Amino acid sequence: MVTSYNSWLIVAAALSGVAALLHVAIVFGGAPWYRFFGAGEAMASAAESGRAYPAIVTLGIALVLGLWAAYALSGAGLLSPLPLLKWCLAGITAVYLLRGLGIFPLYLFAREQATPFMVWSSIICIGYGVVHLVGTMQVWSQL
């Protein structure tokens with residue numbers, strides 16, 4: 001028996017997984033990594049002074065991204081169906097796309113506030129969202 005897996009959602013899982021691992025690496029990289037990846041000076045300074053807040057927030061984001069990777073793998077057929085799979089995949093896709101598209105109003109109305117980090121991270125999120133969207137649309141009727 002040949003089982004078909006959705007390759008778009010496998011790629012989506014890999015993308016979310018890489019993002020999750022990158023967030024974990026940022027915690028271990030400390031203040032210079034927070035600065036490099038555009039977390040802002042407040043987060044970098046807090047990490048530099050040994051505060052727990054940056055690590056807690058960043059690891060929380062990593063946890064969410066890891067969960068999203070699991071949902072994508074579930075939708076791809078590699079894991080057993082997770083609770084509310086259809087709606088979670090739709091929500092994950094929407095979050096990535098809205099996060100990515102959110103740069104446009106800022107860029108149009110307050111261009112000086114649009115940092116390079118905001119621009120390239122928005123482009124990445126749009127890419128992640130499109131991959132999730134294509135994969136989710138392909139399996140929607142099967143979920």
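Values in this text are rule-based calculations from the coordinates and carry no lab data. Note that the structure is a prediction, hence the values are computed from the model and not measured. Methodologically, a virtual Cβ is constructed for each residue, glycine included, from the backbone with ideal geometry; neighbour enumeration extends over all protein chains shown.
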Along the dipole axis of the chain (charges at Cβ: +1 for Lys and Arg, -1 for Asp and Glu; origin at the Cα centre), the most positive-end residue among Val27, Gln113, His132 is His132
Can you give me the three principal axis dimensions of segment 83-135 from its C-alpha atoms, in Å, biggest first? 42, 15, 14
Alpha carbon centroid spacing (whole Å) that separates segment 20-41 from segment 54-89: 21 Å
Extreme residue, positive dipole direction of the chain, given options Ser74, Ile61, Ala14 (C-beta unit charges): Ser74
Starting from one equal scatterer on each C-alpha and no solvent at all, send me the Debye-based log10 I(q)/I(0) for segment 10-67 at q = 0.19, 0.22, 0.27, 0.31 Å⁻¹, two decimals. -0.60, -0.76, -1.01, -1.20
Sorted from largest down, what three extents in whole angstroms do the Cα atoms of the chain have along their principal axes? 56, 36, 21
Can you figure out the FRET efficiency of Phe28 with Arg99, using R₀ = 35 Å and their beta-carbon distance, to the nearest 0.05? 0.90
Nothing charged except the Cβ atoms of Lys and Arg (+1) and of Asp and Glu (-1): what's the magnitude of the dipole of the chain about its Cα centre? Round to the nearest 20 debye. 140 debye
For segment 36-84, what ratio Rg/Rh do Cα atoms give with a Kirkwood hydrodynamic radius? 1.23
Is any helix in the chain, taking whole DSSP H runs, at least 15 angstrom long along its axis by alpha carbon and on average at least -1.0 on the Kyte-Doolittle scale, and which ones? 7-29, 53-76, 85-101, 116-139
